[in-house]
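The values are calculated or read from the model by the stated rules, or taken from the named source; none is laboratory data. Keep in mind that this is a model prediction, so the values were computed, not measured. Virtual Cβ from ideal backbone geometry, glycine too; neighbours counted across all protein chains shown.
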Ligand SMILES: C[S@@+](CC[C@H](N)C(=O)[O-])C[C@H]1O[C@@H](n2cnc3c(N)ncnc32)[C@H](O)[C@@H]1O
């Protein structure tokens, strides 16, 4: 790539010009870098390159003549540079993104123009056909550092410039996410160990851990990126037996962070998932996972339930829950997609109503009503806002009744303290501590 930089401070590039990757790229013949002093093209007797702005206002403006002549000289010296992509580094330009750096790396030649003071006379930009690119939403004093930023980011995409091609492919932004954390020796530093999963040598587990960490850090720092990533990459599919390994810790983390646990004696949804693993009450055909890049980030489980009508007949219903989403990815519509997708599947499979216990502020947004509005009571004959129902067949719940059947594991998970403790200790040491 042939690069010309036009600046009034050529010395600003002295340090970096021959430095590491920049130097290596030139040594390998992959980059031809030329720094030009705009001042040398000024026809002013004092070689001035700036003047006061028309219309008044603070500061100075770089004059058009030296810039236009500097560009003209380039093309006179090398006719091929007429086709160079001309970029004026400017805070009002379009943002420099990963995609744009990749695009620019395809160019044969770039001409980078560094501004100063208030900027450059617009006529110079128009005459020479400069496009404007910004390195971020802040203002620097000159365009030299932005030009270095742009060129450094572009160069990394030129084949052969970096030692290892993978280092570009796996970095932040390349797949739409920010990068996972890195660790190197020693394995324990300042009493802080490297995550166990990175030391076990299981590549599938390492890849999954890195994806989850990338998802978390992107959600934390860049809600705009994660929103876009989720909407273009999420898949909802039937749960498979092998998903249990991921569903168990997912359920634990999903419920640990939920605010409404403040009033609860303990968090036992992961124990419930464990108990339901072999339960006859589970409706396997209605259990789904949400997957991102091969990682399970959401899960919904259905069990059989029923209510007794006032006349005594027992009417079957289905119940979903736990519904789990990785805490960092909550509020991006994954739970909603899992619920709506599975409810549609339940309707297709002939189920006529869903009854649940859940957050009263959330489920009405999916169409749920208080079960009491249908005349339904809980097993103990009372009603509560968190006991909710949804008709898959209109009128199925009319006349109401009493909830009379649910998977026994729900009560067991809540009441079996000894069973919970034994399971939970093992879960902590075998599942959580191993990433
Ligand atoms: C003080 S700035 C001029 C700012 C200009 N008056 C404005 O408000 O847009 C001087 C020069 O620094 C460079 N510059 C400053 N911030 C930049 C950014 N975020 N991206 C790219 N170039 C920038 C440009 O070359 C610009 O001409």
Original post:
Out of all the residues in the range 1-27, which are assigned to a loop (DSSP other than H, G, I, E, B) and at pLDDT below 95?
Top reply: 18, 19
Original post:
Between residues in the range 137-156 that are within 12 Å of residue 104 (Cβ to Cβ) and residues that are assigned to a helix (DSSP H, G or I), which pairs lie under 7 Å by C-beta distance while being six or more apart or on different chains?
Top reply: 153/101; 154/101; 154/104; 155/21; 155/25; 156/168
Subject >> Which listed residue, of 348, 380, is over 37 Å from the mean Cα position of the chain (by Cα) and surrounded by fewer than 15 Cβ atoms within 10 Å (Cβ to Cβ) >> reply: 380
Subject >> Leading residue by the ranking (surrounded by the fewest Cβ atoms within 10 Å (Cβ to Cβ)) among those in the range 403-435 that are free of Cβ contacts under 8 Å to residues at least 60 places away in the same chain and over 34 Å from the mean Cα position of the chain (by Cα) >> reply: 418
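Hey, can you tell me all the residues within the range 357-371 that are under 24 Å from residue 230 (Cβ atoms) and in contact with a strand residue (DSSP E or B) (Cβ under 9 Å, 6 or more places away or on another chain)? Walk me through it before giving the result.
Filtering the range 357-371 down to residues under 24 Å from residue 230 (Cβ atoms) leaves 358-359, 361-368.
358, 363, 364, 366, 367, 368 - these are the residues of the range 357-371 that are under 24 Å from residue 230 (Cβ atoms) and in contact with a strand residue (DSSP E or B) (Cβ under 9 Å, 6 or more places away or on another chain).
With the structure loaded, tell me whether residue 225 is assigned to a helix (DSSP H, G or I), in contact (Cβ under 8 Å) with a residue 60 or more places away in the chain and within 15 Å of the chain's Cα centre (by Cα) or whether it fails that test. Please lay out each step first, then the result.
Details: assigned to a helix (DSSP H, G or I): yes; in contact (Cβ under 8 Å) with a residue 60 or more places away in the chain: no; within 15 Å of the chain's Cα centre (by Cα): yes.
No; evaluated as a whole, the condition is false for this residue.
Going through 318, 287 one at a time, which residue ends up being within 25 Å of residue 374 (Cα to Cα) and surrounded by 19 or more Cβ atoms within 10 Å (Cβ to Cβ)?
Values: 287 fails: within 25 Å of residue 374 (Cα to Cα).
Result: 318 is the single residue among 318, 287 that is within 25 Å of residue 374 (Cα to Cα) and surrounded by 19 or more Cβ atoms within 10 Å (Cβ to Cβ).
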**OP:** Determine, yes or no, whether residue 163 is within 14 Å of the ligand (Cβ to nearest atom) and either in a loop (DSSP other than H, G, I, E, B) or touching a helix residue (DSSP H, G or I) at 6+ places or on another chain (Cβ under 7 Å) (or both).
**Re:** no
